[in-house]
Amino acid sequence: MIKTIWMSDPHYTHAGTVLGYDPRVRLRAAIDHVNTHHADAQMCIISGDMVNRGSRADYEGVHSELRALNVPYMPMVGNHDDRQLFREFLPVPDQCMADFVQYSVATSQGIIVCLDTLKSGSDAGAFCQKRRAWLSTVLNDAGETPVFLFMHHPPMALGLPMQDRDNMENGDAFLDLVSSYSCVQYMFIGHVHRPMTGTYNGIPYATMRAILYQAPPPKPAWTWDTFSPAREAPNLGVIHISNSGVNLHYDQFCDWQVGAPS
């Protein structure tokens, strides 16, 4: 069995707040919780939007904060990230793609694949031919070895009217690809700031609450003009993988008021 911590969307800034929330307080609370309760995890995967503005100071800050984490971490890019600064300050495996922050890691229970769905200059995601070819090679080489995919942007509509506008633009092609491989066991998705589970063509998927702030549920209806973060506590995920099976716990690491607007 392997134990993995899953964080998403810290939206770190070195100073100030994001929608009134303090990203430094929230990230420190998550790190403290992991160090206290889950230091036995083999890794921590952070599925994108490491920073909020993509600035050098923000990457310096989030790198400094994550030094306190007692579990090795695997960072990923989201639509708020800058690939060049990301690579300058955050650790990526030696086998990471040259053009994209996309890599795979072999474990005793299968292969963890961290995908790059960033489309520069857009809140939506993309998955180009280069990234597709790389993933196809990984899946072909995997054979019958279980594969677990982590990505920032959802490749399918989730019934979240506002967030669904900024999904992976060519998600259907992506889903056709991964659905054709029996080795793909699970998809873990960030970006939407809400917890959801479901299946697509028999492949289960889950989304995650953000480290920083949560999006409200789709009802009552809202728009980005009326958007206000939900008064919901943040979560991180505790994932146990054994014999191709996945057990995901949504673990609350602090109250919703911690680091929230007063």
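The values are calculated or read from the model by the stated rules, or taken from the named source; none is laboratory data. Fair warning: this is a prediction, and the values are worked out from it, not measured in the lab. A quick note on method: Cβ atoms are made from the backbone with ideal geometry, for glycine too, and the neighbour counts reach across all protein chains shown. With ligands, DNA and RNA removed, areas are computed over all heavy atoms of the protein, side chains included. Shrake-Rupley method; radii C 1.70, N 1.55, O 1.52, S 1.80 Å.
With respect to residue 34, determine if the residue is in contact (Cβ under 8 Å) with a residue 40 or more places away in the chain and not charged (D, E, K, R). Steps first, answer last, please.
Working: in contact (Cβ under 8 Å) with a residue 40 or more places away in the chain: yes; not charged (D, E, K, R): yes.
Yes, satisfied.
Residues that are without any contact (Cβ under 8 Å) to a residue 40 or more places away in the chain, under 23 Å from residue 151 (Cβ atoms) and open to solvent by less than 50 Å² (accessible area, probe 1.4 Å) within segment 233-262 comprise just one, 245.
Look at (1) more than 18 Å from residue 14 (Cα to Cα); (2) free of Cβ contacts under 8 Å to residues at least 60 places away in the same chain and you find that residue 108 fails only one, number (2). For residue 117, indicate whether it is open to solvent by 10 Å² or more (accessible area, probe 1.4 Å), of a type in the set (Val, Ile, Thr) and modelled with pLDDT of 95 or more. Considered against the rule, which asks whether it is open to solvent by 10 Å² or more (accessible area, probe 1.4 Å), of a type in the set (Val, Ile, Thr) and modelled with pLDDT of 95 or more, residue 117 comes out as no.
I'd like to check something: does segment 14-35 contain any residue that is part of a loop (DSSP other than H, G, I, E, B), at pLDDT 95 or above and buried (at least 20 other Cβ atoms within 10 Å of the Cβ)? No; the residues of segment 14-35 include none that is part of a loop (DSSP other than H, G, I, E, B), at pLDDT 95 or above and buried (at least 20 other Cβ atoms within 10 Å of the Cβ). Would segment 91-110 turn up any residue that is more than 20 Å from the chain's Cα centre (by Cα), over 25 Å from residue 60 (Cβ atoms) and part of a helix (DSSP H, G or I)? Within segment 91-110, not a single residue is more than 20 Å from the chain's Cα centre (by Cα), over 25 Å from residue 60 (Cβ atoms) and part of a helix (DSSP H, G or I). Do you know which of the residues in segment 145-194 that are under 18 Å from the mean Cα position of the chain (by Cα) and free of Cβ contacts under 8 Å to residues at least 12 places away in the same chain is most open to solvent (accessible area, probe 1.4 Å)? The residue in question is 157.
Condition check ((1) of a type in the set (Gly, Ala, Ser); (2) modelled with pLDDT under 95; (3) in contact with a Gly (Cβ under 8 Å, 6 or more places away or on another chain); (4) more than 17 Å from residue 118 (Cα to Cα)) across all residues:
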residue: 54; (1), (2), (3), (4): yes, yes, no, no
residue: 58; (1), (2), (3), (4): no, no, no, yes
residue: 70; (1), (2), (3), (4): no, no, no, yes
residue: 78; (1), (2), (3), (4): yes, no, yes, no
residue: 97; (1), (2), (3), (4): no, no, no, no
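Considering the conditions (1) open to solvent by 40 Å² or more (accessible area, probe 1.4 Å); (2) within 14 Å of residue 163 (Cβ to Cβ); (3) touching a helix residue (DSSP H, G or I) at 6+ places or on another chain (Cβ under 9 Å); (4) not acidic (Asp, Glu), residue 201 is excluded by exactly one of them, (2).
Against the test of being of a type in the set (Ser, Thr, Tyr) and without any contact (Cβ under 8 Å) to a residue 12 or more places away in the chain, the options 55, 47, 64 yield a single qualifying residue, 64.
Kindly provide the set of residues from segment 44-78 that are part of a helix (DSSP H, G or I), more than 21 Å from residue 94 (Cβ to Cβ) and either basic (Lys, Arg) or open to solvent by less than 10 Å² (accessible area, probe 1.4 Å) (or both), ordered by number.
Start the filter on segment 44-78 by keeping residues that are part of a helix (DSSP H, G or I), which leaves 56-66.
Adding the requirement that they be more than 21 Å from residue 94 (Cβ to Cβ) leaves 56-58, 60-62, 64-65.
56, 58, 62 - these are the residues of segment 44-78 that are part of a helix (DSSP H, G or I), more than 21 Å from residue 94 (Cβ to Cβ) and either basic (Lys, Arg) or open to solvent by less than 10 Å² (accessible area, probe 1.4 Å) (or both).
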